[in-house]
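The values are calculated or read from the model by the stated rules, or taken from the named source; none is laboratory data. Remember, predicted model here, so these are calculated numbers, not experimental data. In this analysis, Cβ positions are derived from the backbone assuming ideal geometry, glycine residues included, and neighbour counts consider all displayed protein chains. These accessible areas exclude ligands, DNA and RNA; they are computed on the full protein's heavy atoms, side chains included. Shrake-Rupley method; radii C 1.70, N 1.55, O 1.52, S 1.80 Å.
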Amino acid sequence: VAHPPGYPTFTLLARLAMGLLPSLSPAHSVSLMCGLLGALASGALCFTVCRLSGPGPGALLAGGAFAVTRLTWQWSTVAEVFSLNNLFVGLLFSLIACFYNPGVRNRSLDASKRRKIAHLGALCCGLGLCNQHTMVLFVVPTALWVLVQLHSDGGLSLRLLVTLGVCFISGLVPYVYLPISSSLNTARWSWGDQTDLSGFLTHLLRREYGTFSLAKTESSVTMATMLKAQVDHWYADYPFLFCLVFYPAFYNGYGKVSGLFTTMLCVYMLFFAWRANLDISKPLLLGVVERFWLQSDAIAVVLAGLVLGGPKGGLMKRLGYRGLWRTSGWVVTVGVLAHMAHSNYRTCDQSRNDVVENFGRQILASMPRKAIVLTRGDLPGNTLRYLHYCRGVRPDVTLVDQEMMTYPWYVAKLRSHHPGVHFPGRWWDPVRSEEKGTFSLEHFLSNNTHRPVLACIGLTDGDPSWERSFTRWPLGVCDHLVPAHTHFHPEDWAHRTRNLYQWSQPHNSFHPGSWEHVANEEMWQARMKTAFFLYDLAEGMQGDGKARLYQLSYTLYKEIVEAYPVYPPNWDRNMALACERLLRSGPLGPGVAERLLSCGIKHFSLYLTKERQEPQAPAIRSAIAQLLQERERLRQNLVQGP
């Protein structure tokens with residue numbers, strides 16, 4: 001069972017794709033399926049415009065532009081639910097167009113065919129809601145519109161309402177999969193407990209995320225900011241949407257169906273802008289939000305296609321020169337699509353992108369045997385789970401999700417699948433670990449000292465109990481949690497972690513809103529974690545060991561800074577601090593002291609050049625001035641002699 005609300009339609013189709021393409025990896029086969037679904041969705045939008053305004057450049061523009069725009073392209077080549085949602089949106093629009101039937105080629109649908117289409121639409125709406133709940137913002141207006149049309153035709157009856165309801169409920173049948181899967185409990189990774197009604201409704205209504213919200217937490221982003229971001233997306237990704245300003249001129253040409261599409265667009269944009277509670281000033285979270293704009297994008301391209309097509313050749317009649325207009329329409333459409341495809345290809349071509357896979361494989365390869373890995377966040381959690389469960393990488397390790405461990409259903413499931421992991425309670429409560437049935441992180445670690453325990457990436461805030469009995473040693477992007485009395489050998493640990501990963505991606509080489517950027521940044525920062533750990537350890541020590549740790553930290557920093565021409569800005573700051581601390585740690589020769597002073601000045605200055613918004617810039621400039629004075633005095637003493 002996938003995360004709330006479960007996505008049973010997509011899950012079942014994904015399993016079918018893996019069964020039909022057994023020679024491919026699971027990710028490859030499901031991504032191919034999503035590409036096919038995305039293509040069908042674009043075709044459905046093309047058909048919608050064809051049905052309403054006739055074949056022509058408008059229909060090609062609607063389907064083609066939706067296909068090659070950045071968002072659609074990106075989310076149709078990954079194993080995600082959005083291409084399937086696009087398909088259901090396209091099918092719904094196609095059925096609306098068939099139901100409306102504006103008299104293309106003087107044909108009309110009789111009442112019987114309208115009822116059949118209404119039943120197909122009800123089934124489509126049910127199936128669509130089994131995939132993504134945002135479909136409800138299209139389903140409700142469509143259902144009301146269809147009922148009004150049937151009533152105005154005199155064809156609405158109690159029997160018809162019942163049969164439409166049956167078709168809609170039939171579309172919801174895939175949700176039966178959730179309690180069946182949860183009861184069998186054969187999946188090593190599954191979300192929630194749907195074996196009873198309460199658990200089923202919790203999952204269906206997304207209570208663990210927040211019903212009608214994208215995330216648990218609230219942000220300060222206003223509705224106006226969210227709407228502006230979507231309009232900016234249209235301006236950047238759909239350069240032809242300016243033609244929508246002409247849409248009111250042809251509004252009546254499409255009758256009541258134009259009112260339906262306009263209502264759906266307004267309802268969706270306003271509701272989503274109201275409930276999208278993520279801080280889109282952060283590129284990664286903007287990437288999460290913008291995927292949901294695809295649903296309103298589908299309406300926008302259909303409306304643009306209708307304007308270009310014109311109701312019954314409306315534009316041609318108004319402007320004259322039919323042949324010239326038709327030719328110009330095709331030329332403009334082909335030109336726009338060619339430009340969009342060319343512009344977006346480089347961004348959307350992921351055929352050589354193995355960054356996240358390499359990220360996960362190298363982390364798993366670095367772990368000690370039979371380790372218990374406490375994952376935190378989507379990047380390590382999803383990446384390591386896929387490689388471990390689906391690809392069979394490192395079958396000896398056990399993955400435990402930190403956030404999921406706060407749910408009783410998760411702990412119960414893991415107990416049955418991983419008897420070698422000891423849970424001292426029903427769930428982990430980072431805040432109230434003394435309550436009945438709960439346990440703290442310290443209790444968990446104390447009950448699993450028979451196996452290495454790693455935290456990847458970091459530990460969840462709110463439970464510092466582990467610090468009483470345990471400490472953590474850096475192991476790449478992870479931390480090795482060990483009993484506090486375990487003796488630490490700095491030189492041995494530095495040697496072990498010095499070349500832990502074979503990472504070749506240049507720093508800052510990916511879009512800030514991508515997971516590749518996050519993975520790359522984590523791997524680059526992992527290179528200096530041991531050096532920073534030794535520096536931090538020295539800060540709390542006294543005696544001879546202090547200078548030894550500062551020296552080792554400085555050596556590690558110097559190695560990595562000199563090894564790469566481009567690196568994270570914080571390396572310069574940390575390198576300068578290591579130089580300064582080593583300088584103060586004890587008596588040094590004049591030559592060594594001068595090199596450390598010059599090194600500190602250089603890297604503090606480089607840091608300020610790279611980080612122009614650094615809030616501590618005045619303090620750093622003061623430190624640079626002090627180091628310059630010390631170096632000048634040292635050089636004068638060397639010139640004057642003893």
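Points to keep in mind about this one:
- On Cα atoms only, tilt of 515-526 relative to the major axis of the chain in degrees: 0
- Residue-normalised accessible area of the chain, given per residue in Å² at a 1.4 Å probe: 48
- Nearest 10 degrees, 0 to 90: helix 569-584 Cα axis against the chain principal axis: 10
- Measuring nothing but protein heavy atoms, the accessible surface of the stretch 544-587 at 1.4 Å probe radius is 56 percent carbon and sulfur.
- Per-peptide average of other Cβ atoms within 10 Å, ordering 261-272, 408-419 highest first: 261-272, 408-419
- Gain upon complete extension [Arg275, His507; 0.36 nm per residue less C-alpha separation]: 80.0 nm
- Ranked packing of 370-379, 191-200, most packed first, by mean Cβ within 10 Å: 370-379, 191-200
- Under-5 Å amide H pairs with Phe470, H placed in peptide plane, nonlocal only: Ala484
- If R0 is taken as 41 Å, the Cβ-Cβ distance between Thr186 and His487 corresponds to a FRET efficiency of 0.40.
- Apolar share of the accessible surface for the stretch 89-200: 67 percent from carbon plus sulfur atoms, 1.4 Å probe.
- For the stretch 471-619, the square roots a ≥ b ≥ c of the C-alpha gyration tensor eigenvalues yield an a/c of 1.5 or more together with a/b not exceeding b/c, which makes the shape oblate.
- Nearest 10 degrees, 0 to 90: helix 82-100 Cα axis against the chain principal axis: 10
- Gyration tensor verdict on the stretch 558-627 (Cα atoms; rounded if a/c is under 1.5, prolate if a/b is larger than b/c, oblate otherwise): oblate
- Accessible carbon and sulfur surface of the stretch 371-457 relative to its total accessible area, %, 1.4 Å: 51
- Evaluated over the Cα positions of the chain, the convex hull gives a direction-averaged projected area, one quarter of its surface, of 36.0 nm².
- Pairs from the list Lys546/Lys610; Lys282/Lys602; Lys529/Lys558; Lys558/Lys610; Lys370/Lys413 with a Cα-Cα gap above 23 Å: Lys546/Lys610; Lys282/Lys602.
- Prolate/oblate/rounded label for the stretch 1-100 (Cα gyration tensor, a/c 1.5): prolate
- Label positions at Val166 and Ser622, each projected 7 Å from the Cα along the C-beta direction, are separated by 8.1 nm.
- Per-peptide average of other Cβ atoms within 10 Å, ordering 134-144, 169-179 highest first: 134-144, 169-179
- With a 1.4 Å probe rolled over the protein heavy atoms of all chains, the accessible area of Asp349, Asp572 falls in the order Asp349, Asp572, largest first.
- Using a Förster distance of 22 Å, the FRET efficiency for Arg346-Tyr235 (Cβ separation, nearest 0.05): 0.65
- If R0 is 41 Å, the Cβ-Cβ spacing of Lys610 and Arg633 corresponds to a FRET efficiency of close to 0.90.
- For the stretch 406-460 and the stretch 471-509, distance of Cα centres in Å: 24
- Point-to-point label distance, Arg207-Asn382, nm (Cα→Cβ direction, 7 Å offset): 2.6
- Between Ser112 and Arg369, the simple spin-label model (points 7 angstrom out along Cα→Cβ) gives 7.4 nm.
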